[in-house]
Every structure is written in C-alpha cells, then in structure tokens.
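Report on the structure given below.
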Amino acid sequence: MLSLDLTGKRAFVAGVGDNKGYGWGIVRALVQAGAAVRVGTWPPVLNIFIKSMERGKFDLSLPGGGEIEFEKIHPLDAAFDTPADVPEDIREDKRYRDLSGYTVQEVADSLRDELGEGCLDILVHTLANAPEVQKRLIDTSRAGYLAAVSASAYSMVSMVQRFGPLMKARGSVVSLTYLAGERVVPGYGGGMSSAKAALENDTRTLAFEAGRRWGIRVNTISAGPLASRAAKAIGTIDRMVEYYRTNAALAGVNTAEDVGNAAAFLCSPLGRAVTGETLHVDMGYHAMGMPVEDQLQGD
Ligand code: NAD
C-alpha cells in the first residue's frame, strides 16, 4: 500500500504560536506521519504559547492515538538575520530581553551545534507580519511596505540560505502564501499582497538555486482563508470564509488539516519530483472567474 511515511525525519516549523493557525495544522500532520518536529516561535507570543501548552489548553491528541510532542521550541524572530540586525528597542523590549539566540542565523547555528550538519529533512515557513495590514496598498508607507516584505518574504530567503546547509539532500521546504499574491483581494493591505507575490516568485528561484546547491525542493501552498490570529488582524476574515464557502469550486472551506496534509505530501518522498510549485489548497476558489450566482448554483 502507498503510504505517507515521515518516520525518522526531522522538521523545523517556523511560525507556530498557538493552535489556531496553519502552522499547528502542519505540525499535526507531520507528527502524525512520524516526523520529529521542532518549532520556531516569535518572541512576543513565546511565553503564552509555552504556558498554554503546559496548562493543557491545546488538544494535543492525534487521530489514531498518540500526542503532539515538540522536540524543542526555539525562540525565532525571522525579521532578523543576525544579532547585529536587532535594533536596541527590540533587544531591550521586555518580551526579548531575557532571550538570546532568536535570529535566523543563531537558530540555524544552534541546530548545527546540537545535531550536526544534515540534521534537517523538512523546513516550513508559516509566518507573516505587516504592521500596516489594515491600510490599502495605495496608503501604505515605505517603512510599512518594507517591513511586510522583510518579515513575510525575505525571511523565507534568509531561512533557506541559513538552514539549507543543514538539510539532507531530498529535503523539502514549504511556505504558506495567499491568492492576493496573484489577484486583487480588497483588504489584504500594507504590502502583504506584494510580500506574497515575492514569496511565490522566490519559491521558483529558490527551487532552482537550492535544488542545484543542496538537492532540496522548495514549494509554497496557497491556502484559502482561515480565522487564525494573524488573519483576524485583517478584520474581514469571517466574511472571507463565508465568501469562499459560497463561491469556491467545491462548496465549502478548507481546514488547517487540509493544508497540513498537503504540506506532509510535499515534504514526503511522494513529492520527490515536485518543486518550484504554488499548490492551491482552497477548495478550487482560485480557479473561479466569477462569483457563483444563485441561478447557477443548481448546476
Ligand atoms: P498564525 O497567526 O497562526 O501564524 C502566523 C505566525 O507568524 C504567528 O505564530 C506569529 O507569531 C508568527 N510571526 C509573525 N512575525 C514573525 C516573525 N518576525 N518571526 C517569526 N514568527 C513571526 O496565522 P496563519 O494565518 O496561520 O499564518 C500562517 C501563514 O499562513 C502565513 O504565511 C499566512 O500569510 C499564511 N496564510 C494564511 C491564510 C489565512 O487566511 N489565515 C491564508 C493563506 C495563507
């Protein structure tokens, strides 16, 4: 029987801070398939994430038995490549000042020191941030735009650059993108649409460059809307979910589990010939050219 088996593989999932987002769905699927998982968690949410885990606030159980366990939770701020990039006000911020080693380079170094080269099979980038996400692109400041692209797109380049040398040949990198990188989605502002367009383009270029350099694959999943903590910041997420439910090719909305399963496939040997791809996991919404009208629904 064909099986999706990640036994003996290790994954680093960057951007898990609660159990509501796509990162959690991806972690669940990877653990279910047998992978050992480490997560990278943004310092501002690290404490609450650890406390929520300790207090049993998250359902860790897996279908078919077993529980989600993390090999380690690393503090990670993917907007900073090295300690020299961290500005004074962030370094002194109360959520950062007791932490160390949270830049991309330092996290990669800590994996190398602890586990050695070739310690990683899977790298997942499921993070985004845009300080001006509620502003239209046309009203976004230069600083807001660059911050969105830095945290949400360049962070992926930085992670592949720094984690790539730790990955085994045939390893797999997956990120999360959204349709607003290809089409106009009103309300997805602050430069986030530009960041997703960059992320998708970089997926193709990195697939070639990291493929030739380390023999690893790079793909991105374009997911439908999910009422995660980040998505709630946009302010229209519940309406977007309902809009998709009505207008997607398959009536309904995708879940975090659907995205997790697609990520597990991309990270598994079953996906060995798939790279440079933007895989839509959105019930086919991206394929539609007009909203479903009442009179068409009967078809
Ligand atoms: P989420 O809130 O669960 O995940 C976003 C994570 O990014 C959070 O854990 C946050 O702490 C982390 N983060 C923010 N800035 C960071 C930084 N500088 N360094 C490290 N971590 C940082 O929300 P989500 O919606 O599941 O988002 C995960 C990914 O899925 C994002 O790339 C998002 O754009 C993408 N996505 C989301 C939707 C949706 O509707 N929710 C749709 C398509 C794609």
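Flag not set for Val185, criterion: within 12 Å of the ligand (Cβ to nearest atom), assigned to a helix (DSSP H, G or I) and either in contact (Cβ under 8 Å) with a residue 60 or more places away in the chain or surrounded by fewer than 19 Cβ atoms within 10 Å (Cβ to Cβ) (or both).
Just so you know, in segment 1-32 the residues that are among the aliphatic types (A, V, I, L, M) and assigned to a loop (DSSP other than H, G, I, E, B) include one that is farthest from the ligand (Cβ to nearest atom), and it is Met1. The set of residues in segment 227-243 being in a loop (DSSP other than H, G, I, E, B) and either touching a strand residue (DSSP E or B) at 6+ places or on another chain (Cβ under 6 Å) or farther than 22 Å from Val292 by Cβ (or both) consists of Ser228, Ala233, Ile234, Gly235. Filtering segment 91-111 to residues that are touching a Phe, Trp or Tyr at 6+ places or on another chain (Cβ under 9 Å) and without any contact (Cβ under 8 Å) to a residue 12 or more places away in the chain leaves nothing. Of all the residues in segment 203-234, those that are over 13 Å from the mean Cα position of the chain (by Cα) and away from the ligand (no atom under 13 Å from the Cβ) number 14.
Of all residues in segment 155-182, exactly one satisfies the criterion of being within 11 Å of the ligand (Cβ to nearest atom) and free of Cβ contacts under 8 Å to residues at least 40 places away in the same chain, namely Ala180.
Each reported figure results from applying straightforward, stated rules to the coordinates on display, with no laboratory input. Treat the numbers as computed from the prediction; the structure is a model and nothing was measured. Ideal geometry is used to build each Cβ from the backbone, glycine not excepted, and the neighbour counts take in all protein chains shown.
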